[in-house]
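The values are calculated or read from the model by the stated rules, or taken from the named source; none is laboratory data. Computed from a predicted model, the values in this text were never measured in an experiment. Glycine gets a Cβ as well: all are built from the backbone with ideal geometry, and neighbour counts include every protein chain shown.
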Amino acid sequence: MITVIANLKGGSGKSTVAFNLAIWLVKQGRRVVGYDLDPQCTFSDLGMLRDEIGVRPNLEIHSVRAVLRDQLLSHTDCEVLVDVGAANMAAMKEAMTSADRILVPVPPSQADVWATQRFLHIIGPDTEAMKFNGNQHTIAFINRADTNKSIRETHETEEALRTLPGIDMVMPQRLRMRTSFRRSLSEGLAVFEMWPGSKAAGEFGSFAHALYPDIAANQN
């Protein structure tokens with residue numbers, strides 16, 4: 001399956017999600033191939049950091065400026081994760097024509113809802129960018145949610161996402177704004193590697209199992 005992790009707005013946490021998801025999948029016994037199409041190269045830098053400090057499992061992440069559809073579609077025996085940024089719009093559009101699903105992390109703010117709305121307009125099934133493949137599922141979720149449940153902005157953002165045309169599903173699972181995500185990245189580790197019993201690790205496990213229900217089914 002090809003999963004593209006994308007959004008127009010910077011700071012939505014795309015690379016953090018891609019990196020943690022890649023390690024989680026490898027630990028579940030899946031072969032994973034990653035593509036880093038973001039000029040910031042955070043996803044691939046994290047993979048190289050793991051190699052440098054000798055952390056296993058290692059990750060296969062390709063840092064490229066452009067991607068060919070045939071290249072992505074050739075990976076029929078593994079999970080493909082693609083981290084893209086708006087700074088490389090041409091590569092973003094080409095990657096999305098190959099995707100089985102587009103995963104959209106959205107921080108809780110009105111500005112991020114507006115950015116997501118513009119993003120959905122770009123990737124709509126009738127646009128030139130998506131003319132090759134109209135079968136993608138677009139999945140949005142709240143990333144960097146408020147840890148204080150009394151703050152309404154997270155709930156309001158999720159409710160707004162449910163009204164946007166072009167989103168096939170808004171995941172009920174949320175990833176919250178926790179310093180453990182940032183601190184584990186600085187060590188080249190997934191949050192569940194560094195703090196396996198933490199709230200962040202539990203949240204990410206629930207999120208990942210929801211994205212890959214076949215893995216959860218095989219574990220029961």
In the set Leu68, Leu49, the lone residue that is surrounded by fewer than 20 Cβ atoms within 10 Å (Cβ to Cβ) and within 24 Å of Ser186 (Cα to Cα) is Leu49
So the helices (runs of 4 or more DSSP H) completely within segment 34-100 holding 2 or more residues that are farther than 13 Å from Ala6 by Cα and within 16 Å of the chain's Cα centre (by Cα) are 42-53
Tell me whether segment 209-219 contains one or more residues that are crowded, with 19+ Cβ neighbours inside 10 Å, modelled with pLDDT of 95 or more and either small (Gly, Ala, Ser) or not in a loop (DSSP other than H, G, I, E, B) (or both).
yes
Give the residue, chosen from Gly202, Gly197, that is over 15 Å from the mean Cα position of the chain (by Cα), part of a helix (DSSP H, G or I) and either under 20 Å from Asn20 (Cβ atoms) or β-branched (Val, Ile, Thr) (or both).
Gly202
Unmet requirement for Glu159, which otherwise passes all of (1) at positive phi; (2) not in a loop (DSSP other than H, G, I, E, B)
(1)
Of the residues in segment 104-118, those that are assigned to a loop (DSSP other than H, G, I, E, B) and either touching a Cys at 6+ places or on another chain (Cβ under 7 Å) or touching a residue at least 60 places away in the same chain (Cβ under 8 Å) (or both) come to Pro107
Which of the residues belonging to segment 1-60 are in contact with a Leu (Cβ under 6 Å, 6 or more places away or on another chain) and under 19 Å from Lys93 (Cα atoms)?
Ile2, Thr3, Ile5, Ala18, Gly34
